[in-house]
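Participant: What follows is a single structure, and I will ask about it in a moment.
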Amino acid sequence: MSQPIDPDRLYNLLPQYLRVRDFDEGEPLRGLLAVISEQVEVVEADIRQLYENWFIETCDDWVVPYIADLVGYQPAHEAGEPGGVATAEERLKNRFLVPRRELANTIGNRRRKGTLALLDDLAGETAGWPGRAVEFGRLVAVTLSLNQPRPDRGRTADLRRGDALDRINGPFDELAHTADLRRVNSHRTPGRYNLPEVGLFAWRLAAFPVERAPAFPYDQITGDEDDGNKYFFSPLGNHTLLYARPVTLPDRTHITDERNVPVPIRLRSFAERTPDYYGPGKSLMIWRDGEPVPADDIVAADLTNWVYTPRGRQVAVDPRLGLIAFSRENEPDETVTVSYHYGFSAQIGGGGYPRPTAGQSDFRVQQGVQPDPNAGLFPTIAAALAQWRDDVQKAPPDDPKLDWVIEIIDSAQYDEAIEIRLPAGKVVPPAQGAGAGQTMPPINLTLRAASGQRPVIRLAQPGHHRDAMLLASEHKVTQDNPGGRLVLDGLLITGWVVHVHGFLTEVVFRHCTLVPGLGLDLHCAPKHHDHPSLKVTTTTAWVTIEKSIVGPVRVEQGEDLEPLRLDVADSILDALSPLHPAIHGDCEGDFARASLTIKRATVLGGVKIHEVGLAEDSIFTGVMLVERRQTGCVRFCYVPYGSRTPRRFECQPDQAVAGLCPPADPAAQAAARRRVRPLFESERYGTPTYARLGDACPPEISRGADDESEMGAFHDLFQPQREANLRARLDEYTPAGTDASLILPSGDEHDT
């Protein structure tokens, strides 16, 4: 951390008599030396950085390619060429094209070439993915020699070893297979089990934690009191895969096993090695009425249709479905709290991952605490909002506090109706004394989750003419009466619609999830297809959606107001059906009176909007219809056939059709459009691979962005660059005569 600059650093070196004379003259010398001291600090900082630039761990971004050239590191051309470092996007891309960690180990890796431990480390060093290298030749069935028996290798399958059978054909397989003459890197039908074959498994999903969150009771779905002993890990009451928390490898020579990678917890593995997964700081933990459930009481069970009945102190857990069942005599009296890990592709939406937070919080919310206004601690969001309104009213008009922060410091569930009305700026009356006649700036409010927490706000369906969550302003915005800015950060909101209304300056949804369909059933299907997740009516607000997951957006903007400004970046908009619009007007058939700027987003559905200023590196699975097409641009996007948009540049499938040579007939054009379309591994929110492009997705989309990354919300993961770089390094470090292949498990199911 840099030390603060002392402006009197040089001045204090002067003799005392000179400083006395300078003081008598009004200290002109002191002012001059303060300016010189600032420049001296700049020069010294540059000299210090010159030393740091000798080392790959501490050097500036622009130095990395030069160090790579010194050690003879060659970037994979298939991944793309490193660019400049002027923008954050270029620096982020270069991090994956020339990884510092791999560059630091380049010389050592060359010495370790041909070892299994090197290939095991390769995925983490090159792509940042946990990986495991497997020599398939060791899994080929052999006839043992009586002179040199190896009973642990090449043996026939033992049908009594259920856990080993559960891992068959996966990265942790240990059973013998008959020889496969197909090569593992074949472009047709790859094989695996032969002497020269090696596979490197790499996992692209990450396991994100949820700490001390309430479990969802099953009796809230059925309404039957007999179901009071059954719970879901997911706060939305849906089946969810529980993921293992990866354990760090002890050293570089250790071969990765199942405990070191973020994989779904298998039922048999959980049954045989419960202490490896259950406990404080591990993959999952359960508290009954505030008391932790001992590991000896945990029983792995298949809870499909709740067929298993625990007995005594047993607590049954099904990690494949995310279900918990207590015995009748050991049923919880009040609450069940859980900690667990879920799988997802990136830090998007409300989740238990670290998020940057600016500024200290003014009020903190934690469920179950005693309210303490002096310490700013409250048990509910409504209580914190009431105290905030009182403090705003009591603030001195000549020196008001403008930026307020309410922070939720746990992952609890808050069943509340929330109404946030921002007071607009106003003119201080003459009777107030100081500052009279001046315009007070508007009040800004941030409602956020603490870093690493994922609170759930469950909105009950409101009564007539009421909103369960209203974000509005108390006053009309004018030139002398500006509106405020409202930020929602890190929240998961379910149950009902979020309504933005009134005269605000800006409303920001950052790292939020407005659950598509307002809720989920057991199998992650949306509960309400006919309701939006976000409704915006008659507002002056600039609505921004960043790194969020949002259901349909309805815009009801009057003709007397300017079109709503709507910005979407690095987010997923889900219309719940490709035939429905994700952004629309009063009804699904109406155009939203809004001006849209959308970058690096995945829109599962169509768009019906007044104007598009810029659409970039995005995917629209449904037809996009724009009223005003004279302005704006759509570039490097997938836009379905039949869309009406402003001018397009390098969009698909237009480029695929234009590239047909010679000009093809309509049947060939239709075939090209069918080929070049996005293929997702899952389109249901609540599944680990939600909105992630599948391996069979055509390269025109998976590498169709302006920087050759993938289109859509996961653009900034730069997965095509990581994969291409990793394949190149795998070929480089594999010994001659060995066939090696990169294998990417889907991650949303067990690797079998």
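Participant: So what J values fall out for the range 332-337 if you push phi through Karplus, 6.51 cos²θ - 1.76 cosθ + 1.60 with θ = phi - 60°, rounded to Hz, Gly and Pro as x?
Facilitator: For the range 332-337, the Karplus curve yields x, 7, 10, 10, 10, 10 Hz.
Participant: Work out the charge dipole of the range 206-344 with +1 on the Cβ of Lys and Arg and -1 on the Cβ of Asp and Glu about the Cα centre, then indicate which of 248, 300, 281 is farthest towards its positive end.
Facilitator: Most positive-ward Cα: 248.
Participant: Over the Cα atoms of the range 1-47, what radius of gyration and what Dmax do you get, in Å?
Facilitator: 12.1, 38
Participant: Tell me the relative contact order for the range 206-344 as a rounded percent, counting alpha carbon contacts under 8 Å between residues six or more apart.
Facilitator: Here the relative contact order equals 35 percent.
Participant: Convert each backbone phi in the range 286-295 into a coupling constant with the Karplus relation 6.51 cos²θ - 1.76 cosθ + 1.60 (shift: θ = phi - 60°), then list the ³J(HN,Hα) values in order as whole Hz, x for Gly and Pro.
Facilitator: Per residue, the Karplus-derived 3J(HN,Hα) values read 10, 10, 9, 6, x, 9, x, 7, x, 4 Hz.
Participant: Hey, what does the equivalent ellipsoid look like for the range 481-594, semi-axes from the Cα gyration tensor as sqrt of 5 times each eigenvalue, largest first, whole Å?
Facilitator: Semi-axis lengths for the range 481-594 are 23, 17, 11 Å.
Participant: Hey, what D do you get for the chain in µm²/s if you plug the Kirkwood alpha-carbon radius into Stokes-Einstein at 4 °C and 1.567 mPa s?
Facilitator: Calculated translational D: 44 µm²/s.
Participant: State the answer as a single residue: which of 541, 222, 688 lies farthest towards the positive end of the charge dipole of the chain, with beta carbon charges of +1 for Lys and Arg and -1 for Asp and Glu, about the Cα centre.
Facilitator: Going by the Cα projections, it comes out as 688.
Participant: Can I ask one more? Is there a quick way to get the dipole size of the range 92-202? I mean about its Cα centre, with the Cβ of Lys and Arg at +1 and of Asp and Glu at -1; what is the value in debye to the nearest 20?
Facilitator: Computed charge dipole of the range 92-202: roughly 440 debye.
Participant: Using a simple charge model, +1 on the beta-carbon of Lys and Arg, -1 on the beta-carbon of Asp and Glu, nothing else, what dipole does the chain show about its Cα centre, in debye to the nearest 20?
Facilitator: With only Lys, Arg, Asp and Glu charged at Cβ, the dipole is about 1880 debye.
Participant: Check the chain and count each lysine pair with an alpha-carbon distance under 15 angstrom, considering only pairs eight or more places apart or from different chains.
Facilitator: The result is 5.
Participant: Helix-derived [θ] at 222 nm for the chain: sum -39500 (n - 2.57) over DSSP H runs of at least 4, divide by residue count, nearest 500?
Facilitator: -5000 deg cm²/dmol
Participant: Hey, what did the chain get for relative contact order, percent, Cα under 8 Å, at least 6 apart?
Facilitator: 10
Participant: Where Lys and Arg each count +1 and Asp and Glu each count -1, what net charge lies around residue 488 among other residues with Cβ under 11 Å from its Cβ?
Facilitator: Net charge in that neighbourhood comes out at 0.
Participant: Dipole of the range 1-47, Cα-centred, from +1 at each Lys and Arg C-beta and -1 at each Asp and Glu C-beta, to the nearest 20 debye?
Facilitator: Roughly 160 debye, rounded to the nearest 20.
Participant: Among 127, 186, 162, whose Cα sits farthest toward the positive end of the charge dipole of the range 92-208 (+1 at Cβ of Lys/Arg, -1 at Cβ of Asp/Glu, about the Cα centre)?
Facilitator: Of 127, 186, 162, it is 127.
Participant: Next up: So for the range 1-47, averaging the separation of alpha carbon pairs under 8 Å that are six or more residues apart and normalising by length, what relative contact order in percent results?
Facilitator: Relative contact order here is 50 percent.
Participant: In addition: Amide H neighbours of residue 446 under 5 Å, at least 5 residues apart or on other chains, H built in the peptide plane: list them.
Facilitator: 404, 405, 406, 487
Participant: Under the rule that an exposed site lies in a DSSP loop and has at most 12 other Cβ atoms within 10 Å, name the longest stretch of the chain with no trypsin sites (Lys or Arg not before Pro) of that kind, not counting the sites themselves.
Facilitator: It works out to 477-646.
Readers should treat all values here as calculations from the given coordinates under stated rules, not as data from a laboratory. No experiment lies behind these values; they were computed from the predicted model shown. Using ideal geometry, Cβ is built from the backbone for each residue, glycine included, and neighbour counts are taken over all protein chains shown.
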